[in-house]
Each structure stands twice: as structure tokens, then as C-alpha cells.
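Structure first, commentary second.
The values are calculated or read from the model by the stated rules, or taken from the named source; none is laboratory data. Since the structure is predicted, the reported quantities are computational estimates derived from the model, not experimental observations. Note: ideal-geometry Cβ built from the backbone for every residue, glycine included; neighbour counts use all protein chains shown.
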Amino acid sequence: MRMRYAVPLVFLASLLAFAQQAPKPPQPAAPPEATAKAPDHAAAYYHAMLAHSYEEMRQYSKAIEEYKLAIAADPTDSYLAGQLVELYANSGRIREAVLGAQEILKRDPNNVAVHKQLGRIYLRSLGEVQAGQQSDDLLRLALEQYQEIVRLEPTAENHLLLGRLYRLNNNTAAAESEFKAAVAAQPDSEEAVSNLALLYNEEGDYARAIQILTAVPEAARSPKIYATLGYTYEQQKDYPRAVEAYRKAVELDHDNLDALRGLAQNLLNDGQMDAALEQYKAIAEADPQDAQAYLRLAEIYRRTGQFDAALDNLKKVESLAPGSLEVPYNMALVYDSEGRFPEAAQKLQTLLDQTAKADGSYSSADRANRAIFLERLGNVYREMNQPQQAVDAFRRMLELGDDNASRAYQEIVELYRDAKQWNLAMAAAQEAVAKLPQDRTLKMVLAAQMADAGQADAAVAQVKALLQGTPDDREVYITLTTLYSRLKRWEDAEAALRKADALASRPDDRDYDNFLWGSLYERQKKYDLAEEMFKKVIAGDPRNAAALNYLGYMLADRGLRLEEALGYIQKAVRLEPENGAYLDSLGWAYFKLGNYDLAEQNLRKATERMGNDGTIQDHMAEVYEKKGDLRQAVAHWERALAEWGKSNSADVDSGDVARVQKKLESTKVRLAQQNPNSK
């Protein structure tokens, strides 16, 4: 078997120079008069066999001399010339290989075998250079050869190779044409079908990708076809179909770890935690060096509250990939989920210090990483009730520009809103729009602030002005739905949500819309319709913590089906154990069930997370009243009224305020009766 040598980099410059200048090749080694003689086939065969023997023994110089003698004996034999070209290429003598191939093509321009030889030389050389002018030139030379190859031999394989070169050259239209030709030439070619589908995926045309893949009859679909189909469904966020496709790929090829990884990832995407866990365990067992498998195992354990197991798997990743940024970042996520906020903050700050560059010259990937670290750090500080440190972290994101700056402003506005610092929230939103005037999302953030500040009509008009008559209007209609809902303009809110529904293109879009419908109905006290919508969300995504919590709280607050309500809320808390709103719901469900100790325990945790929430303070007061601690009840009802007084009117139920005022007065009277001498 012939030895294949990588092309030495020192030859690349000369390769390009000779390929592009195409100098006149040297005369054959045989004497000129030899070409006039009749071909000596016996001598040619003799020398060719010797050349082949020397080549097998890796004595390439002797092999080359013998091929030259064979060609001198029979100059008309283009096969011999081609063998010499191949030997030059394999032994690293690129200059002679290119010159020899060019000489043959001058005499025989339709020699497809030599075009292929020359094309392979350029491709091998292309693989040895970094991006830049040299690689661009080599790609152009390879394209020229494969264009000729396709002209002379339009097979599926050749169309496929040319299509890949066009794709590498970012000429998607030409690549698509070649891939289509490959499919037409061989409809059952998994490579042709997969490459065309992947090209459509890159263009975002998932429907056409699915169409070309599903056109292959099921009986003829290979593991690769099914895996590509799974990948396409994944890009559409249609995770159940992605799971089905990847599962079929694995059934056809049990040893295909890439298909198994796709299956595991989409089970995770679809919220099938237990099934995903089993698949990632299988991957780790089959490939103990797969760091990503351990990362995913850590993620699953974290999301299911098994924090020790999560940290154990992260330590395995640390040993496999020392220096990985993902390990400390994921450790920070675990600490955050456990409520170990100082440790989470320390991990994130260390990551920022390690990735800092004194001159600020960050690549796009560097900027993306730093933005993730800073955003998470800001949210950890928010959970620690350190708002100024949180704002500082978010403001450090601004210098990273683009979408990072937009997200930073959104976080800052939301932080000020949570703290009920309405003037600061408005100022931050105005600053954001002034700094990023083309950002539609920030304009909608400002409009929300304007509506809360009493400028409802101006806010609605500003959002409506962003409508463009395109699918991107979905985000605008969602914002209008929220605005109208806060303004209690229910008919307008429902009309806007119907328009958003019409532009939904993905399953998770519809899940989100159903959640909004549930919220909209609940606020109008249309509880049966709200329950129906939340159950739709949960049916599509059984791990949707927000829907589970909302449905559970809605039932518990009305004293209905309390055990069922408790189950929904418990699942939400397991998914997000440090979420203050969910802990409040859990405490309130226990209160409704008469378990006041568990109610107090969970509501106390909720107040630690969201102490400025008037509803949580009201719930705490109700628990203390039931337990006979009237002094604590009074204190929490007073706090509830104070917090509601600082809140936006859209967030406060006037009926709750009146009820608490009445309860507070009566409880104060009872407290005074218990302690007649107290002031």
C-alpha cells in the first residue's frame, strides 16, 4: 500500500506559484529522438513494474527514475504519466506533481483522472494551511479542477465534492445546485441528501431540509439520514420529533455514539430528564473520555436537585479537560441552585479575572463568555440582595457591545423594577434607547416603563410603531399583550395575543402563548379557561416550572383540590428550589392544608428571597395569626401594606389591600385586648 504524506508547508508557496503561473514544463528525461520511435510497450511495462516495486519499498527516488524510463519507452501512455504525478505528490515533491499534471492536461485536457489528481493535490495542500490568502487561492484552484471533473464525469460523488467546495467558499447557491444534482444522480445517496439538508439548515430553511430528508423512503433511510433529520428537528426546537429520529438512528446503528449523543441531548431538551440521564450514562460508559457527557450529567443532576452528584461529575470533567471554563461556570450554577451565593459569586469573579485582558482586545467568543459570566454574577448578587453590586456587574456588560449591551440594560431595568425604584428604572430604559436607538426590544422596555408611569397611550403608540408586517412582529404583539393586560384592557390584550399566536412557528412559541392565555384568563377570574391553558403548557412541557407553579397557586389560593395543587407546586420547587415565588406558593398551599409549620418554614425562605413582596408578607401574617403570634402577624401585615404602597398599581389587587387593612385593624384590637397595659 502506498504511503500518503501530508504536504510540507515549505512547498505550499511554490505550489501556488507554479499552479498560477503555469511555466513551461521541462523536457522528458528520454532523448528527443526517442519520442519519434514506436512505443516499446515491453520496456515500459518492465520499468513500470520496477517503479512500483521501489515505491512499495519506499525508495521513491529510484521509483521516480524508473517511471521516467517507462514514460520514455512509451510517451503515449498517459497512465504512466499519471502514476508519476501521483508519486511526486505522495513523496512531497509538489512542484513536480503540479507541473507533470499540467503537462498531461495540455496534451489531453479531458483526462479526468489527472484532473482528479490535481484536485486532490490542491485539497491536501488546503488542509495544511491556515485561513488567509493562500487558502483562498488553493480553494479557487481546487474549484477549477472539480468544475472540470463534473463536466467530464457528472456523477453523484463528483457533484457532491464540488458542492462541498462551493459551501466552503460560502457560495451557497452553487453548493445547493451541486447537491441537488448529486441527489438527482443518486436519490438514495445518504451523503448527497444529508449535505443538501444541512445546507438548508444553515440557511434556516428547515421545512425544505425536512422535505428532502423525508423524501427518502423509510426502508431506505440510513442512520445518517435519521441523524440529520433529528438535527433538523432540533434546530426547529421540535424536540419530540428529534428524539424519534435520533432513536431510529440508534436502533439502526447501536454503536453510533454521535447519534446517541443527539438522542440524549434532545431528550434533555424535551425535559425527559430520567431518559436523558440513562443515555448520558451509556455514553460515558462507552467513552469514558467524553467530557461533554459528564457535563450533561452534571446539568441533569443540578436541575433535579442532586447537587452532590452534579459536583462529582464536574470533578470528572476537570480531570479530563483541565483549564476548561465550563467546569467552574457550572460549579457556580450548582452553588447558586443550592443557595451558596457567596461561593457562586466567587467562582464567577475568578472566571472573569482569569479571562480578563489588559488591553481589552476580546474576540467575539471572549465577549460572549464574559457577558455570560457577568450576567450570571449580576443575578447572583440580586439573589443576595446586593442590588448595587448587581448593577455594577450588568454595567460591565455594556462595554462588550451588541446584544450583550442590550441584555445588560434589560437586566438593569428589571433589577430596579424588582427594587421598586421606578424612577431609576425609567432613567435606565431611557438611557438604553438613547445609546442603542435601533434596538426594538429596548424600545419596548421603555414603553412598559411609560405605561407604568401613567403614559399608557404614548406607550401603546410607541410599541405599535414597531410593527413591520413581518414574522418579527410576534415579539411586538407579545409586548402589546402584556401592556394591555397591565392596563386591564382585556379585549385589546386578547386581540394582540391572537395575532402573536398566528405568527408562532415553533412548539415552544405555542407553549409560551398558552401560558400567556392562562395568565390573561386568570387575571380576569376566568379560572376554568386559565386551568385549561396551563394544563396545555404542562402537557407539552411537563417540566415547565412557571406553569406548574401558576396552576398550583391558582388552585391553592381558591382552596380547590389542595393535594393536586400541592403536587404541582412541589414539582416547580424541585425544578427551581431557590425561586422565592415558588416557595411562597408552597408555603401558601401548606397553609391552606392546615400545616402551619411547613407553611412558616417555606414562607420564611420566600421572604429571604423576596422580602419586598407584599403578597408574601400577607401570607406570613396569615400563618402567624393562625399560630397565635398576633404581634408577628401585625408586623407582617404592616409590611405588606408598605410594600404594596411602593408597588405599581397594576401589580396590586385593591381587594387584597382592603382585606389586609381590615385584618390589621382587627388584629391590633385583639392584641391590645391581650395586653391591655401595652402601648
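Worth a mention:
- Filter result for residue 141 (in contact (Cβ under 8 Å) with a residue 60 or more places away in the chain and either crowded, with 19+ Cβ neighbours inside 10 Å or over 30 Å from residue 51 (Cα atoms) (or both)): yes
- Enumeration of residues in the stretch 327-369 that are in a helix (DSSP H, G or I) and either surrounded by fewer than 17 Cβ atoms within 10 Å (Cβ to Cβ) or in contact with a Ser or Thr (Cβ under 6 Å, 6 or more places away or on another chain) (or both): 342, 343, 346, 349, 350, 352, 353, 354, 364, 365, 366, 368
- The requirement of being of a type in the set (Val, Ile, Thr), within 19 Å of residue 485 (Cβ to Cβ), under 31 Å from the mean Cα position of the chain (by Cα) and in the same structural domain as residue 590 (by TED's automatic domain parsing) is satisfied by residue 537.
- Some residue of the stretch 294-308 being closer than 25 Å to residue 347 by Cβ, small (Gly, Ala, Ser) and not assigned by TED's automatic domain parsing to the domain that holds residue 579: yes
- Some residue of the stretch 255-274 being out of contact with any Cys (no Cβ under 7 Å at 6 or more places or on another chain), farther than 23 Å from residue 314 by Cα and either assigned to a helix (DSSP H, G or I) or in the same structural domain as residue 511 (by TED's automatic domain parsing) (or both): yes
- Which listed residue, of 125, 61, 91, 78, is surrounded by fewer than 24 Cβ atoms within 10 Å (Cβ to Cβ), in contact with a helix residue (DSSP H, G or I) (Cβ under 9 Å, 6 or more places away or on another chain) and touching a residue at least 60 places away in the same chain (Cβ under 8 Å): 91
- Put simply, of 251, 218, 244 the only residue that is within 23 Å of the chain's Cα centre (by Cα), among the acidic types (Asp, Glu) and not assigned by TED's automatic domain parsing to the domain that holds residue 540 is 244.
- Restricting the search to helices (runs of 4 or more DSSP H) fully inside the stretch 83-158 and requiring at least 3 residues that are modelled with pLDDT under 85 and charged (D, E, K, R) gives 94-107, 112-126.
- Test: residue in the stretch 105-117 that is touching a helix residue (DSSP H, G or I) at 6+ places or on another chain (Cβ under 7 Å), in the same structural domain as residue 52 (by TED's automatic domain parsing) and small (Gly, Ala, Ser): yes
- Those helices (runs of 4 or more DSSP H) of the stretch 614-679 in which at least 3 residues are closer than 19 Å to residue 523 by Cα and either within 48 Å of the chain's Cα centre (by Cα) or among the aliphatic types (A, V, I, L, M) (or both), considering only elements entirely within it, cover 614-626, 654-674.
- Put simply, of 181, 97 the only residue that is surrounded by 19 or more Cβ atoms within 10 Å (Cβ to Cβ), within 21 Å of residue 195 (Cα to Cα), over 30 Å from the mean Cα position of the chain (by Cα) and of a type outside the set (Phe, Trp, Tyr) is 181.
- Residue check for residue 332: aliphatic (A, V, I, L, M), touching a Leu at 6+ places or on another chain (Cβ under 6 Å) and closer than 24 Å to residue 444 by Cα: no
- Filtered by the rule that a residue be surrounded by fewer than 24 Cβ atoms within 10 Å (Cβ to Cβ) and outside any helix (DSSP H, G or I), the stretch 525-558 gives 525, 526, 541, 542, 543, 558.
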